[in-house]
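Student: This structure is in structure tokens; I'll ask about it shortly.
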Amino acid sequence: MTSARTLDVSDLPPYEISNRAPLWWGQLFMAIIEGCLFCMLLAMYFYARLSVDVWPPPGVPPLKTLMPTLALIPLILSAGGSYIASEGAKKANRRLMLQGLCANIALAAVFLILRFIEWRTFNFSWQSDIHGTFVWSILFLHTFDVIADLLMTAVLIVLLAVGRYGPKQRAGVHVDSVLWYFLVLIWFPLYVAIYWGPHLMRAQ
Amino acid sequence: MNNVIVSGLLLWIAPGAFGPQSALDPAANSARIIAGLMRDFTILLGIIFLIVIGVAVASLMRRHRGIEQEPLERAHLPSPETENRTGRIVGAASVLTTVILLALIAISASAGKAISDRAIPANALTIEVTGNQWWWYVRYLNDDASQIIVTANEIHVPVGRPVMIRGTSQDVIHSFWIPDLSGKRDLIPSRITTEWFQAERPGRFRGQCAEFCGLQHAHMAVWVVAEDEASFEAWRRAQLQDAVEPATPSQQVGQQVFLSTACAMCHSIRGTSAHGQVAPDLTHLASRITIAAGTLPNNRGNLAGWISDPQTIKPGNHMATIPLRSDQLQPLLDYLEILR
Amino acid sequence: MSDTATPPYGLTQESAEADRAALARTWANAKGLLGWLSVTTHQAIGRRYIVTAFVFLLLGGIEALMMRIQLAKPENTFLAPARYNQIFTMHGTTMMFLFAVPVMEGMAVYLVPIMVGTRNVAFPRLNNFGYWMYLFGGIFLYVMALTGAAPDAGWFSYVPLAGPQFSTGKGVDTWAQMITFTEISALCVAVEIIVTVLRMRAPGMSLNRLPLYVWSMLIQAFMVVFAMPAVMIASTVMLLNDRTIGTHFVNPWEGGDPLLYQHVFWFFGHPEVYIIFVPALGFISAILEANSRRSIFGYSAVVLSQVATGFIAFGLWVHHMFATGLPQIGEAYFTAASMMIAVTSGVQIFCWLATMWTGRLRMTAAIHFVFGFIFIFVLGGLTGVMLSSVPLDLQSHDTYFVVAHFHYVLIGGALFPLFGAFHHWFSKITGRMIDEALGKLSFWLLFIGFNVTFFPMHILGLNGMTRRIYTYSADLGWGSANLIATAGAFLIALGGIVFIVNALTSMRGPVNAGEDPWDASTLEWAVPSPPPNYNFVYPPVVSSLTPLWTDPALRTVVTGLRTDRREVLVTGVTEAEPQFRYILPGSSIWPFLAAAGIMIGFCGSVFAFSWYFVASVLGGIGFVGWFWPRRPVEVAP
Amino acid sequence: MIVYGGAARESQLQPAGIQTEPHSSNPSEGNAQDVAEGQRLYGEYNCSGCHFNGGGGIGPPLIKTTWTYGGEPENLFDTIVKGRPNGMPAWGAKIPEYQIWQIVTWIRAMNKEEPRSATPERADALQQNSGTIFSTPPQKITP
């Protein structure tokens, strides 16, 4: 039986937890879709900003930048937690995965709490004017994505805690970090636009 | 001469005479330039189309003429020489296509520059057109406030003088388009958009709203009357006058009916106490060619039908149906007919 | 001749038979209604997409006939204005969102996995979820339309007409939310196609051996990924929120701008029409290759042109807005971009003509449709070049000249290749040959009917007939051309009926199509027709661009994939070298439940914003159930 | 049944006469089209000139719970048709009846008494602007 005619693949591993796994690519394209969404929102924000003379409209003070700047710290650290979890997933180390995910969810929760506190200081709603509409839409969509990702992380934590996990669930832990890195990275341009935009653009 | 070619080219297919609203029968500089451009594009692209279809049909027919083609069954590829020769032909055709398209971009840009907003001459007669849901508010701007004319659904322009249309809209997006005179320009609620043309021959030209604007988008027409300088001046001076005073008792009763019922709530007749701005200005209603934004010719019968039941003629339009008795309607018609 | 008749060299007959029986058991769909709802094999879901999209094509066609009857003569009273506005909006929305994009996805979901030599798409349950979202979206639109809340602001719903003040009732909200459904399903299929084509190809199928149809679907998938988020924002975030919670994205008096909506919508709008058109280019390449007995001339030229089409398509959306008075320099750029995209289509047309000229054509029904494509699409493309010039567009924008143009490029550019593809792959999908004579008859009816209907519209448009008017007065001289167009429309309907009769009668014949009736070159002709759920008993190893022509017996195959669980081979992106095996999930009811939960929430969100939380909770439960691990959790190597 | 003009009054003289048909039902109740028409007419007939966008100014506010002449649709209809002392003109002869019902429906929509699915969430107008709904929008001159 000459092997030239048949390509035997039975010795190849039945799964792989790395960025070569199809699930990782699926999550990457999910991040690209969300990225297109936020980039379009950003472009619209600048379109509206340049079509109006006074930004933010009279009666609305430019947003205070202290609280969101503080909130950046837990956000960046939570990406670290996600990195630890994905490394643990590769090495099938349950303790490392649990630590990483719990750190991620805790720090993200701190980020969200700081954001909800900041929301109470806004004196405009999405119904007040174009500035309110954009700020609230961008903040709401980003928060909704963050919460959705946290829920997925929570379910993964439950699975790991119960011990009912296999290679597919470890792959889940690994690819979850892709979406989280994206959510952290996309927040920076949005943050600069919403909070620093009015100050920078007022300079001319 | 050239628009005969254009119309000849296209007309032999569907023999429809030019209506009063046709881009193929230009009467102003903008429309003439565009019609010429249309002729050039049609001829050039028509030739390309015939060549491509010729090759396609020939390759279909070639199979039947029994020309011994190269044996494909084994290699499924013709000989390398055929491939190279075909490669050169396809390459040449692609380069030719690119060159033709660059040429088309060039002539399109030059034509565009000639009719663009930047080419508006300084002494243009400025007309402000505001689109409302399903009628046009027209105002002739003038530095001297007493010379400002307010009318609706009909525009008179002098032949030979540039005219600039400044357009905006009161509710939704409309589009001001007189095919015989120039291209269309959208009227957008938060912007002022401008376009211009210079009529070259007198005539009556019909235009229609070109951007879908709701229930009666189909019946939102505007008539443009291009006339020589003298008659335009006469028309303008007539429009400046206030409404004619009612002479006969029937006309006076008609005026009372107009002022006491809902008509005065929306319409305005300068010289009377009716000053509603949300509906067309009726000071010179009788001088207009049509009523209800180009829907009906302006005669007594149509006016009566329109006043008694506007919803049947233009379903969904904003004119209220007012129950008028015949002893109110006839005098009202008598009064409206004197508003020259 | 292929893997059914003689087992590949070195494997005994019995082991091949045993593997086939095991695979049939492993890949069998679950039985009963529950099984029908939870099927995850790509052939079943592909067929469902095609049949559902065809039903919506018929609905759209009926709406078109009603419009043509109303416009047959001046001052006609067949449809009241309100009803006519609803009908033309439903016609446009059904054809664009519920027929054109899903049918191209359905064909891709069916054909791409077989053509790249694998057994299923990358994410089978996501495929199931995508189909249900599409079906629920279509049902939601038509249920709301038939109960009085039909959208009536046009298929692109310009604001402020579609805004909260000028479009009362729930019609436009339904339109906006329906788009969310169909675009989620389009995104699901796009991500699956990208990952399937890039990661799960047969070993040896490097990128320069990828069939042209698979290239078209890969490019279309990337366009969907980058274009659909824009309509997600235009329809849901801007229009629906403006109407239901009072945001001011497009309120001109509060700083918003109606043109912002137009920019965001057409940034999606123009790639959308290329998303419909690029797969049709793939059909043309596949049909021409099989029926002209030679591989397509200029393979790399065609692929590069389609990639260029994909990129340029995102750079020319403003030619829909030339009449809004944008600055001159912007219009000049978009004129150039709109004209340059004609070059890429031109190059492909020249390559196909070269293929037809140097090949030996068989006059099958599919080739008739290819000729119909060339005739109609080239004419539509040339009127497109006319429309990309600003001065000409100012005269013909929003007139019947534009209606004629986009029907030429959409029906000519997408529907004719699609009907050609139906005739070409009918034998593969159903196992029976479709009748060629009836096929050619339906072609001539469609071809003549189409030209009789839509060519006079060029003249009507230049004679001033604007778009979307429910009637016109007699003295404008448009009556005769409109009557001719209405007659042509009925001819098209007749052609459609002949095709349906042809398809149904051919379905009743014996399953005798065999594997490769056209002696074509790509891998889908190496599996039985209709293909079993696992496609290949032993996935082939590919050694050339046209595997079935250069190596008909497919002697080199992949062995070693386990037959007691659904396994596929993951290979490298460029050279497709085997990397590792990948276990696919079986049937699962959870995607259907997740889709149903999200549907309940999204339908409610049209009436109250809080229903989005219902959608999140129900959808969340569905997703958690979806990836909750089954026993046994640990995977044996 | 709400006693018509429930406030204590010394004399029996009712302003603007006794209301004749107290219980005619509102044909435009809950109809989204009529609510939108009422909103348009509220601006076109210049009700906003005195009542502004419901907040009141020259005329009394129209978004409130205690109505001097009754807040039911038929009371509002009667107020508009017959007018009221202290400045409310009688619109009976000036505005056709079906349009008065539309304006009444819009007033009830302002008071959130119409179903939400029939009421537009916002108008294409300035939120704080108390003037007529048809204030000309801020003009941006493009060329």
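Student: Considering the dipole of the range B:249-337 built from charges on the beta carbon (Lys and Arg +1, Asp and Glu -1) around the Cα centre, which of B:VAL253, B:ILE291, B:GLN328 is farthest to its positive end?
Tutor: B:ILE291
Student: Now for a different question. I need the phi-derived Karplus couplings for the range C:383-395: 6.51 cos²θ - 1.76 cosθ + 1.60, θ = phi - 60°, integer Hz, Gly and Pro marked x.
Tutor: 5, x, 5, 5, 6, 7, 8, 4, x, 5, 5, 5, 8
Student: What is the Cα centroid distance between the range C:520-567 and the range B:235-302, reported in whole angstrom?
Tutor: Centre-to-centre (Cα) distance: 82 Å.
Student: Next up: Using only the alpha carbons, work out the radius of gyration and Dmax of the range A:74-160 in angstrom.
Tutor: When restricted to Cα atoms, the range A:74-160 yields Rg and Dmax of 16.0, 52 Å.
Student: How would you classify the range B:124-240 from its alpha-carbon gyration tensor, with a ≥ b ≥ c the square roots of the eigenvalues: rounded for a/c under 1.5, else prolate if a/b is greater than b/c, otherwise oblate? The partial results should precede the final answer.
Tutor: On the way: a/c = 1.79, a/b = 1.45, b/c = 1.24.
It comes out prolate by the Cα gyration axes.
Student: Okay, moving on. Among A:LEU50, A:LEU156, A:LEU12, which one moves the most in a GNM of chain A with springs linking Cα atoms closer than 10 Å?
Tutor: A:LEU12
Student: Only Lys, Arg, Asp and Glu count, each charged at its Cβ (+1, +1, -1, -1), so figure out the dipole size of the protein assembly as shown about its Cα centre, rounded to 20 debye.
Tutor: Working: 84 positive and 86 negative charges, 514 e Å.
The dipole magnitude comes to about 2460 debye.
Student: Per-residue Cβ counts within 10 Å, from other chains only, averaged over C:360-367: what number is that?
Tutor: On the way: counts 8, 6, 1, 3, 0, 0, 0, 1.
If you average over the peptide's residues, the count of other-chain Cβ atoms is 2.
Student: Over 30 Å apart: what share of the alpha carbon pairs of chain A falls there, rounded to a whole percent?
Tutor: On the way: 7224 of 20706 pairs.
Tail of P(r) above 30 Å: 35 percent of Cα pairs.
Student: Let me check I have the definition right: for the protein assembly as shown, take the eigenvalues of the Cα gyration tensor, multiply each by 5, take square roots. What are those semi-axes in whole Å, largest first?
Tutor: Details: eigenvalues 677, 331, 144 Å².
Ellipsoid semi-axes (Å, largest first): 58, 41, 27.
Student: At a 10 angstrom cut-off on C-beta neighbours, averaged per residue, how do the peptides C:355-362, B:333-340, B:145-152 rank from highest to lowest?
Tutor: Values: C:355-362: 21.5, B:333-340: 18.4, B:145-152: 14.9.
In descending order of packing, they fall as C:355-362, B:333-340, B:145-152.
Student: Each label point is 7 Å from the Cα along the Cα-to-Cβ direction; what then is the distance between the points at A:PHE122 and A:THR65, in nm?
Tutor: 1.9
Student: Farthest toward the dipole's positive end in the protein assembly as shown, which of A:VAL162, C:GLN165, C:THR355, given Cβ charges of +1 (Lys, Arg) and -1 (Asp, Glu) about the Cα centre?
Tutor: A:VAL162
Student: A further question follows. Please list D:50-56, A:22-28, A:127-133 highest first by mean number of surrounding beta-carbon atoms within 10 Å per residue.
Tutor: Details: D:50-56: 17.7, A:22-28: 20.7, A:127-133: 23.9.
Sorting D:50-56, A:22-28, A:127-133 by mean packing, highest first, produces A:127-133, A:22-28, D:50-56.
Student: Average partner chain C-beta neighbours within 10 Å, per residue of A:32-38?
Tutor: Numbers: counts 6, 10, 1, 3, 8, 6, 2.
The mean count of partner-chain Cβ atoms within 10 Å per residue comes to 5.
Student: Tell me the angle of helix B:326-337 to the major Cα principal axis of chain B, expressed in degrees between 0 and 90 and rounded to the nearest ten.
Tutor: Helix B:326-337 and the main axis of chain B meet at about 70 degrees.
Student: Please work out whether the range B:249-337 counts as rounded, prolate or oblate from its C-alpha gyration tensor, where a ≥ b ≥ c are the square roots of the eigenvalues and a/c under 1.5 means rounded, while otherwise a/b larger than b/c means prolate and anything else oblate? Numbers along the way, then the final one.
Tutor: Working: a/c = 1.30, a/b = 1.21, b/c = 1.08.
Cα axes put the range B:249-337 in the rounded bin.
Student: Under the rule a/c < 1.5 gives rounded, and otherwise a/b versus b/c splits prolate from oblate, where does the range D:45-114 land using the Cα gyration tensor? Numbers along the way, then the final one.
Tutor: Working: a/c = 1.34, a/b = 1.11, b/c = 1.21.
Cα axes put the range D:45-114 in the rounded bin.
Student: Where does each of D:100-110, A:62-72 land if you order them by average Cβ count within 10 Å, highest first? Before the final figure, lay out the partial values.
Tutor: Working: D:100-110: 24.4, A:62-72: 15.3.
The packing order, highest mean first, is D:100-110, A:62-72.
Student: Give me the percent of DSSP beta bridges within the protein assembly as shown that run antiparallel, rounded to the nearest 5.
Tutor: Working: 37 of 56 bridges.
Given both bridge residues lie in the protein assembly as shown, the antiparallel proportion sits at roughly 65 percent.
Student: Take the alpha-carbon positions of chain C, form their convex hull, and give its projected area averaged over all directions (one quarter of the hull surface) in nm². Walk me through the numbers before you get to the answer.
Tutor: Details: hull surface 113.2 nm².
Reported value for the Cα convex hull: 28.3 nm².
Student: Is there a simple number for the mean count of other chain Cβ atoms within 10 Å of the Cβ of residues in C:230-238, and what is it? Don't skip to the answer; put the middle values down first.
Tutor: Values: counts 6, 1, 4, 9, 2, 0, 0, 9, 3.
Across the residues of C:230-238, the mean count of other-chain Cβ atoms within 10 Å is 4.
Student: Between B:ALA124 and C:VAL143, what is the spin-label point distance in nm, taking each point 7 Å from the Cα along the Cα→C-beta axis?
Tutor: So the two model labels end up 5.4 nm from each other.
Student: Can you work out the FRET efficiency for the pair C:THR26 and C:ASP551, with r the C-beta to C-beta distance and R0 = 30 Å, to the nearest 0.05?
Tutor: Values: r = 28 Å, r/R0 = 0.92.
That gives a FRET efficiency of 0.60.
Student: Same structure, new question: Working from Cα positions, state the angle (0 to 90°, nearest 10) between the long axis of helix C:416-430 and the longest principal axis of chain C.
Tutor: 30
Student: State which entries of B:LYS314/D:LYS112; D:LYS64/D:LYS112; B:LYS113/B:LYS184; C:LYS73/C:LYS440; C:LYS170/D:LYS94 exceed 22 angstrom in Cα-Cα distance in the structure shown.
Tutor: On the way: B:LYS314/D:LYS112 32 Å; D:LYS64/D:LYS112 10 Å; B:LYS113/B:LYS184 16 Å; C:LYS73/C:LYS440 32 Å; C:LYS170/D:LYS94 33 Å.
Violating the 22 Å limit, Cα to Cα: B:LYS314/D:LYS112; C:LYS73/C:LYS440; C:LYS170/D:LYS94.
Student: With angles folded into 0 to 90 degrees, how steeply does helix C:611-627 sit against the dominant principal axis of chain C? Use alpha carbons for both and round to 10.
Tutor: Roughly 10 degrees between the two axes.
Student: Here's another thing I want to ask about it. In the neighborhood of A:ASP11, defined by Cβ-to-Cβ distances under 13 Å, what is the net charge if each Lys or Arg adds +1 and each Asp or Glu adds -1?
Tutor: Numbers: positive: C:ARG562, C:ARG581; negative: A:ASP8.
Local charge sum for A:ASP11: +1.
Student: Between B:ALA145 and D:GLN33, with labels modelled 7 Å along Cα→Cβ, what's the label distance in nm to one decimal, could you check?
Tutor: Label-label distance for B:ALA145 and D:GLN33, simple model: 4.3 nm.
Rule-based calculations on the coordinates, nothing more; no lab input. Keep in mind it's a predicted model, so treat the numbers as computed, not measured. Cβ: placed from backbone, ideal geometry, glycine included. Neighbour counts: every protein chain shown.
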